[in-house]
1. Roughly how much accessible area, to the nearest 100 Å², goes out of reach of solvent when B and A pair up, both sides summed, probe 1.4 Å?
2. Averaging over all projection directions, find the projected area of the Cα convex hull of segment A:80-213 and quote it in nm² with one decimal place.
3. What are the label-to-label distances in nm, one decimal and shortest first, from B:Arg51 to the same spot in the other copies, with labels 7 Å along Cα to Cβ?
4. What list of ³J(HN,Hα) couplings, whole Hz, do you get for segment B:143-150 from phi and the Karplus terms 6.51, -1.76, 1.60, once you set θ to phi - 60° and write x for glycine and proline?
5. Work out, step by step, the length gained on full extension between A:Tyr12 and A:Asp148: first 0.36 nm times the residue separation, then minus their alpha carbon distance; give nm to one decimal.
6. Karplus couplings for segment B:205-214 from phi (6.51 cos²θ - 1.76 cosθ + 1.60, θ = phi - 60°), rounded to Hz, Gly and Pro as x?
7. For label points placed 7 Å from Cα toward Cβ, what is the shortest-first list of nm distances from B:Glu161 to its copies?
8. Once phi is turned into θ = phi - 60°, what whole-Hz ³J(HN,Hα) does the Karplus curve with 6.51, -1.76 and 1.60 give for every residue of segment B:53-70, x standing for Gly and Pro?
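The values are calculated or read from the model by the stated rules, or taken from the named source; none is laboratory data. These figures come from a predicted structure and were not determined experimentally. We place every Cβ from the backbone using ideal geometry, glycine too, and count neighbours over all the protein chains shown. SASA here: full protein model, heavy atoms, side chains in, ligands and nucleic acids out. Shrake-Rupley method; radii C 1.70, N 1.55, O 1.52, S 1.80 Å.
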Number of protein chains: 2
Amino acid sequence: MTSTKDHIIKSYDSELARLTGEIVRMGELAASQLEAAIDVVERRDERAAQRVVANDEAIDALEQEISHDVVRLLALRAPMAGDLRNVFAALRIASDIERIGDYAANVAKRSIPLSMVAPVGPASGLGYLAKLAAAEVREVLAAYAEQDAERGYRVWKGDAELDEAYTGYFRQLLTYMMEDPRNITPCTHLLFMAKNIERIGDHATNIAENLWFQVYGEPLDKQRTKRDFTSNPEMPKLGE
Amino acid sequence: MTSTKDHIIKSYDSELARLTGEIVRMGELAASQLEAAIDVVERRDERAAQRVVANDEAIDALEQEISHDVVRLLALRAPMAGDLRNVFAALRIASDIERIGDYAANVAKRSIPLSMVAPVGPASGLGYLAKLAAAEVREVLAAYAEQDAERGYRVWKGDAELDEAYTGYFRQLLTYMMEDPRNITPCTHLLFMAKNIERIGDHATNIAENLWFQVYGEPLDKQRTKRDFTSNPEMPKLGE
């Protein structure tokens, strides 16, 4: 026989589990959207691109639902300390996923003008970036689903690879633009798309940080080296 | 003589007022950062730019503080319905301000490579965008401080002007890049800076939406027309 207190605790735990489940589902949707966006860029399919843009609403709706669940959980249970930490982590992670979805939709959206003008050359590097980012998102969500902060930390560290690939691709795009002015407009879209993908990686690392804080109650080391050199004084020499 | 209930209510109200005050302070810091960033771009002052980048930490720290206050408020008071709505609006607005600060720091950061390469021509349009954005931020914060949702709504509507100015500036930058390949690298920085500023406007409208929801308990109409045409099929014809 369970006591009333056990019952309340179990119910709280099951609500928290439900919340985690919703977030994982939301994250899977965002990762699928990113993969669909890559596919759309590769196939240059305007209709599919519009579908990706429209699907973003489902992610936004899920974030709203999660917010409501959090409010209900807070109002009904008034959780303390460690439990509050879980609830706040959930809220922040949901917001990171929502932005990953935004960026994925943006990549799909920018593929529409690209389909009319872009040469194959400059666009070909984007898929690699996007695949790195999608893998990061999938991996950090798996880590979150299992509450495995160490696994999340490996994603956090691995984001440096995406940052380096982004910087390389950025330089590559500059050379295409210099080579032929007709490349300039499509390449500016590709620049923004690449930046969006690089930002997706940043949100994956945010999720890892929130997971770490949730599990250990203290922040993950903030001393991570930022590897986006494109807003760095060294880079522009290339274009001089 | 006040009853215990009155006392609890008053104390809750004063904590909420404190929270609102912290958010307004945080917002003023972000608006000042944006103004400092514009100044830095105009004067091409690398040291001042680095100061703006460093100051962003103060905004991040304030957001952390606000988060802690919210947690404490929730744990101690377990507010219901309308009060919870206030607390959640505060949390979301703090997160929007934090991102406005990020974008301002990013504009300052990108001014450093710009100082070595950019011609005066392409950069001159950026200040106007930034001034529009800074005015939006200041105005929406004033609306928030006074809990004046209608005033916030006017900012929300007025953001269309910034979106249009951004689109015009974007097209202008493309022509500079096509004119002379030496403009390409500085102009890609200016593109990102302009995009950052356009995003600041979006966050100002988010704040207006949260304020509206806080005051009226229902969402501001979502049918706002998006006026950033640069990721629109019509635009790239310019560059063909």
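1. Separately minus together, B and A give about 3800 Å² buried.
2. 7.8
3. 5.4
4. Karplus-based 3J(HN,Hα) across segment B:143-150 equals 4, 5, 4, 9, 6, 9, 5, 5 Hz.
5. Gain on stretching A:Tyr12 to A:Asp148: 46.9 nm.
6. Those phi angles translate into 5, 4, 4, 4, 5, 5, 4, 4, 5, 5 Hz.
7. In nanometres, ordered from closest: 4.9.
8. These are the phi-based 3J(HN,Hα) values: 4, 5, 5, 4, 4, 5, 5, 4, 5, 5, 5, 4, 4, 4, 4, 4, 4, 5 Hz.
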